Amino acid sequence: SQQPPAASAVLPPTLPIQDGSSIPPLTPADPSQVLPPSSAPPPPQTLIGSGLERVALLVLTCNRIDYLRRTLEAIYPVIPKDVPLVVSQDNVHGPTSSFLSEQQAGGRLSFIQHIDPADPVVAPGREGPQFRIYHLISRHYRWAIEQVFHLSRVNYVIILEDDMQIAPDFFDYFIATSKLLESDPTIWCVSAWNDNGRPQLASDPRALYRTDFFPGLGWLLSRQLWEELRPKWPRGFWDDYLREPAQRRERSCVRPEVSRVTTFGQMGASGGQFFSQFIAGMTLNAELVPWASLDLSYLVKDRYDAMLANMIARASPCNANPDSVSGVAPNDAVVRYSPANFPAVAAAFGLHPDDKAGIHRTAYKGVVIFRTGGVRVFLVPEGFQAGV
């Protein structure tokens, strides 16, 4: 029978925030939005890994076998021996199921399968057939994450979908940054993705930033956070749900300047939204950064906020156009924006114009950081105060 996680595998209680502030309390979930208990059977009760591992990798798939093969071909050469690889398939697709069974028989991965014949329970106002796929995906996510934490003793799960190429330092990056989640409770996830990570906007492979926007697309989830999210996991649109204030609770993610994943999945649930304009040309890091030897404590909230305020204060003020910014090299540049003119400023620099729950992609305290023409630019909202 399955044993509970060892005490050493359970994260310690939430630590006090070092600048004396507090995380807002949990908001009660709206029952109409919460996914009800799964009717899918659990997988065989076989422990994943040896029970000593700290991090596992979960890949979610359904029926895109060619995409899945390509993703696994990128994973196999670089995954550490002490990181269990779990692939969860939603429903049954014969060729994909057979392929995964073969891979499991060869000892390359653990294969679990989510089979739930019931129609997904949809959120009010999302009853249309165009929304069904997003509810199926959310249901699969919750089931798969729950199985990995239940069948292993890992503290962290890296979550990927079946259409992603990973960088050579992908695992080193996540293993090193996972320690930040233990030291700073205002960091609630780590992502491998920069929404503004195209080559003309990102170039430093060692640069990491805090962001209030949940990036998804290759991210690290702790067992402690899963215990918080699991009871109120949404019926659909799980990623936008995590971007809502009630879930984020003023916590931030860590994201790289140069992405550690790219996605080639133009054909999927979103129908390729933003793919050609903002996703297809994303830069994938090629440098083996020695993450284990780098001091990442600058990302802890109090240090980061002070550092950010200092960098903005020292940057050269510029107008919202690339020519103005290029003239201040080698200094940093600061460009001010208002809510009304953000779309125009984003268009001028080729930034993603989208926002969710009032937060622009990659923004931290409203500040969007990118590079153009060799100059690092701080796009700062009017009235910005670093400590607020």
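The figures follow:
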| item | result |
| --- | --- |
| Scan of the range 316-371 for residues that are among the hydroxyl-bearing types (Ser, Thr, Tyr), at negative phi and in a loop (DSSP other than H, G, I, E, B), ordered by number | SER338 |
| Residue among ASP169, ASP116, ASP162 that alone is crowded, with 20+ Cβ neighbours inside 10 Å and within 24 Å of LEU35 (Cβ to Cβ) | ASP162 |
| Top-ranked residue of the range 276-318 - restricted to ones that are without any contact (Cβ under 8 Å) to a residue 60 or more places away in the chain and surrounded by 14 or more Cβ atoms within 10 Å (Cβ to Cβ), ranked as nearest to the chain's Cα centre (by Cα) | ILE279 |
| Residue list for the range 97-124, restricted to those being part of a helix (DSSP H, G or I), more than 14 Å from TYR76 (Cβ to Cβ) and in contact with a strand residue (DSSP E or B) (Cβ under 8 Å, 6 or more places away or on another chain) | SER97, SER101 |
| Residue ID - farthest from ILE48 (Cα to Cα), chosen from residues in the range 87-118 that are touching a residue at least 12 places away in the same chain (Cβ under 8 Å) and acidic (Asp, Glu) | ASP116 |
| Options LEU68, LEU58; residue that is at pLDDT 85 or above, assigned to a helix (DSSP H, G or I) and closer than 28 Å to VAL122 by Cα | LEU68 |
| Where a residue in the range 240-256 is among the aliphatic types (A, V, I, L, M) and its partner, wherever it lies, is surrounded by fewer than 17 Cβ atoms within 10 Å (Cβ to Cβ), with Cβ under 7 Å and at least six apart | ALA246/THR27 |
| Only one of SER152, SER178 that is surrounded by fewer than 20 Cβ atoms within 10 Å (Cβ to Cβ), of a type in the set (S, T, N, Q) and more than 15 Å from ILE369 (Cα to Cα) | SER178 |
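Table: residues versus (1) β-branched (Val, Ile, Thr); (2) open to solvent by 30 Å² or more (accessible area, probe 1.4 Å).
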site: THR27; (1), (2): yes, yes
site: PRO43; (1), (2): no, no
site: GLY49; (1), (2): no, yes
site: GLU73; (1), (2): no, yes
site: VAL78; (1), (2): yes, yes
site: PRO84; (1), (2): no, no
site: THR96; (1), (2): yes, no
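The values are calculated or read from the model by the stated rules, or taken from the named source; none is laboratory data. Quantities reported herein were computed from a predicted structural model and do not represent experimental measurements. In this analysis, Cβ positions are derived from the backbone assuming ideal geometry, glycine residues included, and neighbour counts consider all displayed protein chains. Surface areas here come from the heavy atoms of the whole protein model, side chains and all, with no ligands, DNA or RNA. Shrake-Rupley method; radii C 1.70, N 1.55, O 1.52, S 1.80 Å.
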